[in-house]
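First the structure, in the form of structure tokens, and then the observations on it.
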Amino acid sequence: MYQYDQYDQAMVDARVAEFRDQCERRLKGELSEDQFKPLRLMNGLYLQLHAYMLRVAIPYGTLSAKQMRMLGHIGRKYDRDYGHFTTRQNIQYNWIKLEDAPDILADLATVEMHAIQTSGNCIRNISSDQFAGAAADEIADPRPWAELLRQWSSFHPEFSYLPRKFKIAVIASEEDRAAMRLHDIGIQLVHNDAGELGAKFYVGGGMGRTPMIAPEIRDFVPADELIHYAEACLRVYNRYGRRDNKYKARIKILVHELGKDEYTRQVEEEFAHMKTLGLNPPVAELERISTYFADPDFDQNAPDDLDMSDPDFRIWVEQNTHAHKQSGYAIATISLKPTGGIPGDASSDQIDLMADLAEQYSFDELRVTHSQNIVLPHVKKADLYALWQKLDAAGLAPANLDLVSDMIACPGLDYCSLANARSIPLAQKISERFADVKRQQDLGELKLKISGCINACGHHHAGHIGILGVDKKGFENYQLSLGGSGAEDTSLAKITGPGFDEDGIVDAVETVTNLYLKTREDGERFIDTYRRIGMAPFKEALYG
Amino acid sequence: MANPQFYLREDTPCSDAPIAFADFGDASNAIAVRIEPGDDARSLLPHLGQLAMIDISFPAFGDGRGYSSARILREAGYEGELRASGDVLIDQLSNMRRCGFDSFAPSTPLDENAAKTAFATWDDVYQKTVDARTPIWAKRHG
Ligand code: HEM
Ligand code: SF4
């Protein structure tokens, strides 16, 4: 894992001091809320329905046990004993007091963490593949590249007042576990013909009210030009992105309105200029960072077989573990989606337990996934049974990864001032309706995603089944959509027709899954069947 | 023409009132010009030699186009006064400095001490920009 040197630590410490001063000026009334807002937002502090909400950055979703424990501590000391892991691999606390915020940031800084640029119109926390460094199918670890970008984007003097927020994801395998093409910039590490590692750039994806899939704008940026190219992409956006209308301000609109070719041409021109300035850190810096992400000390002789005679354990292994690049090891995902629970929530005690287990079984590492779960990336197969038993005892072993109850849901009307409808109670009802794991396994991979309003924090556009809360004459109403995907086969979901009330939408989900069960062909997932037979039969079943 | 509140250059502030960018083409001997966020700083590049002051206006602090304009001018070798005017607040000073501004004319005067602290916010910086500071990565591999 990356470790701060004195420079990184000094940056974060300076920021804590600066924010303490800004909070004091706000509390004394020297700063108006208008002036304070962009400053607190750059430190992850939102004002929500009931309280301040603090969003803590988890760069590329990677945590040590010590950092994880700090997250538990913050929940316990400053919040209501829990935290909420988000789709951007961060954690949010919902009940924060303004006067505590500087202390929280100071606590975080002691474990090399911060809330820098987790909101505001700046470059946000860089996200990545939760299986980075462990996945059998990756060509390199994407995290050193993400860390290089993190440092470059931290307190970037030119790009702190962009037209709108800016999200970057970096992956390094063909399978996309990070919804890479739904980011403002999506980067996929690739080899060129000469076998060198570089970055393929996709620009202009995003969700929100106008979802778009990012087009590829360059097939290869060499390692020693990454920052030049990113800087060029951002400068064109900062200068020409729309600022007249907040809803049209994301880079996706610029790329769409200019056209991909014209945007690319402008970026290339700016890129040529950047290269003359020598702004890119040398490759030695990427190499320095990479040494922190070297493989842990794997046991090369770890046995590869697994006793799966316990049927409950078997289900969990089948559903929640993935192939590791090292034989004898597995990647284990801890689902934060128990039946009837709040997707992504974990209590401080659970957070502590996960930290202990990471220390004991996973070389001190954890990951947060964009579908709001936690990963132990490096578990010896021989340890899986013991691990599972401990998770199960703490309610952390739902065997539902990628199944219908492994939902993404935004905070919705329970917390969010922008919401039209509640997301959490709906997620709870759906998970109760489909509580039977056998039934879920029979339904197979099914990504259900719920947003409480058009901002799409819950990724509903990318759901095999997406649900959007709308306000219909003062009543909460839910629109159903089908056919989205945030994986390498990225697609945007389409609305089925008129919306439903809360009970109606749960029935509607059952109706479409029943149709799938009836019509599927061998090996087809829900999304495959939908793509084969199209919307009409689903409409017929829902409204016919 | 009031002097800028903060002036970080050795020489003295330009006393000419800047003319609007739109009128610049006609006033071929002007030495001071003002650009708005939507104006293309690059179209000034052929005239940099004659300019003693470029005033980049920030009608609203949240509109960050002026930062790009400033850097573009410095990257092209402009060495005259680069003034930030308008909605310029304490918490933007350090970024502005890093993008090449060396003169600051906030529409509401700022607290002198707070500004001094703000200008000195970062001991070290991650990016190489136009302020000639050695970025952290260069120090690491120095
Ligand atoms: C509760 C407070 C929250 C507020 C006020 C809020 C606000 C917003 C807004 C206004 C947008 C639309 C931005 C745009 O299209 O320009 C957005 C998008 C988004 N938010 Fe949130 N959000 C909140 C919580 C969350 C949470 C908890 C998550 C993660 C679970 C999240 C993840 C996202 C994502 C992934 C997007 C879509 C990004 C995109 O459009 O590319 N947000 N949010
Ligand atoms: S989708 Fe809407 S309701 Fe849900 S968190 Fe985002 S802004 Fe709030």
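Summary table
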quantity	calculated
Residue list for segment B:56-92, restricted to those being charged (D, E, K, R) and more than 23 Å from residue A:35 (Cβ to Cβ)	B:71, B:74, B:75, B:79, B:81
Lone unmet requirement of (1) in contact (Cβ under 8 Å) with a residue 60 or more places away in the chain; (2) touching a helix residue (DSSP H, G or I) at 6+ places or on another chain (Cβ under 6 Å); (3) within 16 Å of ligand 1 (Cβ to nearest atom) for residue A:516	(3)
Criterion: in a helix (DSSP H, G or I) and buried (at least 20 other Cβ atoms within 10 Å of the Cβ) - qualifying residue of A:39, A:31	A:39
Matching entry among A:63, A:45, A:71 (being open to solvent by less than 20 Å² (accessible area, probe 1.4 Å), more than 12 Å from every other protein chain (Cβ to nearest Cβ) and touching a Gly at 6+ places or on another chain (Cβ under 7 Å))	A:71
Set B:52, B:84, B:70, B:115: member being surrounded by fewer than 21 Cβ atoms within 10 Å (Cβ to Cβ), more than 8 Å from chain A (Cβ to nearest Cβ) and within 15 Å of the chain's Cα centre (by Cα)	B:52
Output for segment A:177-230, where each listed residue is over 30 Å from residue A:452 (Cα atoms), among the charged types (D, E, K, R) and outside any strand (DSSP E or B)	A:193, A:196, A:224, A:225
Unmet requirement for residue A:268, which otherwise passes all of (1) within 25 Å of residue A:64 (Cβ to Cβ); (2) open to solvent by 30 Å² or more (accessible area, probe 1.4 Å); (3) more than 10 Å from chain B (Cβ to nearest Cβ)	(1)
Condition broken by residue A:229, with the remaining ones in (1) buried (at least 21 other Cβ atoms within 10 Å of the Cβ); (2) out of contact with any Gly (no Cβ under 8 Å at 6 or more places or on another chain); (3) within 14 Å of another protein chain (Cβ to nearest Cβ) satisfied	(3)
Test: residue in segment A:8-20 that is within 11 Å of another protein chain (Cβ to nearest Cβ), under 15 Å from residue A:97 (Cα atoms) and not acidic (Asp, Glu)	yes
Tally, over segment B:57-67, of residues that are in a strand (DSSP E or B) and either touching a Phe, Trp or Tyr at 6+ places or on another chain (Cβ under 9 Å) or more than 10 Å from every other protein chain (Cβ to nearest Cβ) (or both)	1
Unmet requirement for residue A:406, which otherwise passes all of (1) modelled with pLDDT of 95 or more; (2) more than 16 Å from ligand 1 (Cβ to nearest atom)	(2)
Only listed residue being within 16 Å of ligand 2 (Cβ to nearest atom) and within 14 Å of chain B (Cβ to nearest Cβ), chosen from A:209, A:164	A:164
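For (1) within 16 Å of ligand 2 (Cβ to nearest atom); (2) more than 24 Å from residue A:25 (Cα to Cα); (3) assigned by TED's automatic domain parsing to the domain that holds residue A:424, each residue gets a yes or a no:
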{"site": "A:73", "(1), (2), (3)": "no, yes, no"}
{"site": "A:78", "(1), (2), (3)": "no, no, no"}
{"site": "A:83", "(1), (2), (3)": "yes, yes, no"}
{"site": "A:86", "(1), (2), (3)": "yes, yes, no"}
{"site": "A:99", "(1), (2), (3)": "no, no, no"}
{"site": "A:103", "(1), (2), (3)": "no, no, no"}
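The values are calculated or read from the model by the stated rules, or taken from the named source; none is laboratory data. Source: prediction; values computed, not measured. When we count neighbours, we look across all protein chains shown, and the Cβ atoms used for this are built from the backbone with ideal geometry, even at glycine. Note: accessible area is taken over every heavy atom of the protein model, side chains too, but ligands, DNA and RNA are not part of it. Shrake-Rupley method; radii C 1.70, N 1.55, O 1.52, S 1.80 Å.
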